[in-house]
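Visitor: Here it is: the structure, laid out below.
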Amino acid sequence: MKASREIHRSLKGPFLLGLLLAGFMLSFSVFPANVFAGLLLDAELRFTYEDNVVGLLSDQPRGAGGGGGTPGGMTMQALGMGGPGGGPKNRYSGSGSGQSGDFSATVSAEGGGYRDVGSDVALFAKAFAGHTSYDTFTDLDATIGGVSTGISASLSDAVLARVAVLGEVKRFGDSQRDSTAYKGNLSLKEKLTPTFWLREFGGYEKNHADNDVFSYTGTTLGAGAGYALTTTTLATLGYSYLVRKFEEPSGAEITTNTVYLGAEHSFAKSWSVAAEYDLQHSRENITGSSTTDNIFSVALRYSY
């Protein structure tokens, strides 16, 4: 058992690279390289501390746009989803007593291109991949990769709309969580002044896991704002609301409310550092129990 776990963990690096390369190939088959007018390339290294980890939501996108870091909230037992065996090391037990804090590190990248199809409309296609490693709850370690395509349109000089569809493959330290997912995202951004903008976003996800306990449909709604303190420093504030409905047990549902506050500083061409705090409150519908999670993260970012 230990040997198989070590083999599984050792293959995650090549698997991550393979997902990214496969995604690039698929994105360029949808939009061949000679039709791209511009290149999209972004990467991030993020370090996070959560004071109350919840395993069922550990695959949620991190950062302000995705509702912050890994949401805290329900224990797995509260939904009848406690993992078998294991102890406090290497497995998220879902114990309802006390806090379940942990550190994690995430490295992610995405690349692709876009093509103008009108004076105010552009099509894009991207491949993306990322890996998250937890210090203690290594069964929550996640490698996620896939492809995305969509359209962005300037509705006016101040309003930008964006629609995207995504396909993902997810692999975890606990193979029961391994899954494929399909998503749709919509966002609107309004630049009210040269230094102040607003953003509204929504998303839908259908996740098919190897074990129905980890299969769900998810809906996200949120809004945020950004203010340029200087030409190189941006402050952000926002809120997101997430609902995940699980296939097993029937009727199981988690709702998560998140308020986030962040700042980003550009220190060189294409490079920036960021810090974020997320306050998340989650509630499950079967027992009515709720939990609060405080999430602190710092990140180094590259954007081509």
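Visitor: Which of (1) at pLDDT 95 or above; (2) surrounded by 15 or more Cβ atoms within 10 Å (Cβ to Cβ) does Thr195 not meet, given it meets every other one?
Guide: (2)
Visitor: Ok, one more. Can you list the strands (runs of 3 or more DSSP E) lying wholly within region 181-267 that have 2 or more residues being touching an Asp or Glu at 6+ places or on another chain (Cβ under 9 Å) and hydroxyl-bearing (Ser, Thr, Tyr)?
Guide: The qualifying strands (runs of 3 or more DSSP E) are 216-228, 233-246.
Visitor: Report, by residue number, each residue of region 121-143 that is in a strand (DSSP E or B), out of contact with any Asp or Glu (no Cβ under 6 Å at 6 or more places or on another chain), within 23 Å of Glu205 (Cα to Cα) and aliphatic (A, V, I, L, M).
Guide: Leu123, Ala125, Ala127, Ala129
Visitor: Being aliphatic (A, V, I, L, M), surrounded by 15 or more Cβ atoms within 10 Å (Cβ to Cβ) and in contact (Cβ under 8 Å) with a residue 24 or more places away in the chain is the requirement here; does Ala158 meet it?
Guide: no
Visitor: Would you mind stating whether Gly145 is in contact with a helix residue (DSSP H, G or I) (Cβ under 7 Å, 6 or more places away or on another chain) and either closer than 30 Å to Gly38 by Cα or modelled with pLDDT of 85 or more (or both)?
Guide: yes
Visitor: For region 109-124, state whether one or more residues are under 23 Å from His208 (Cβ atoms), at pLDDT below 95 and out of contact with any Lys or Arg (no Cβ under 7 Å at 6 or more places or on another chain).
Guide: No, because not a single residue in region 109-124 is under 23 Å from His208 (Cβ atoms), at pLDDT below 95 and out of contact with any Lys or Arg (no Cβ under 7 Å at 6 or more places or on another chain).
Visitor: For residues in region 128-155 being among the acidic types (Asp, Glu) and surrounded by 20 or more Cβ atoms within 10 Å (Cβ to Cβ), which is nearest to Asp212 (Cα to Cα)?
Guide: So the residue we want is Asp139.
Visitor: While we're looking at this one, here's another question. If Gly203 satisfies every condition in (1) touching a helix residue (DSSP H, G or I) at 6+ places or on another chain (Cβ under 6 Å); (2) modelled with pLDDT of 95 or more but one, which is the exception?
Guide: Every listed condition holds for Gly203 apart from (1).
Visitor: Here's a check for you: in region 219-247, which residue that is free of Cβ contacts under 8 Å to residues at least 40 places away in the same chain, touching a Gly at 6+ places or on another chain (Cβ under 8 Å) and not hydroxyl-bearing (Ser, Thr, Tyr) is farthest from Leu57 (Cα to Cα)?
Guide: Leu234
Residue by residue, here is whether (1) closer than 26 Å to Phe124 by Cα; (2) surrounded by fewer than 14 Cβ atoms within 10 Å (Cβ to Cβ) holds:
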{"position": "Leu186", "(1), (2)": "yes, no"}
{"position": "Val213", "(1), (2)": "no, no"}
{"position": "Ala225", "(1), (2)": "yes, no"}
{"position": "Leu229", "(1), (2)": "no, yes"}
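Visitor: Could I ask something else about it? Could you please let me know if Ala109 is surrounded by fewer than 21 Cβ atoms within 10 Å (Cβ to Cβ), assigned to a strand (DSSP E or B) and not acidic (Asp, Glu)?
Guide: Answer is yes for this residue.
The values are calculated or read from the model by the stated rules, or taken from the named source; none is laboratory data. Since the model is a prediction, treat every value here as computed from it, not as a measurement. Backbone-built Cβ (ideal geometry, glycine too); neighbour counts: all protein chains shown.
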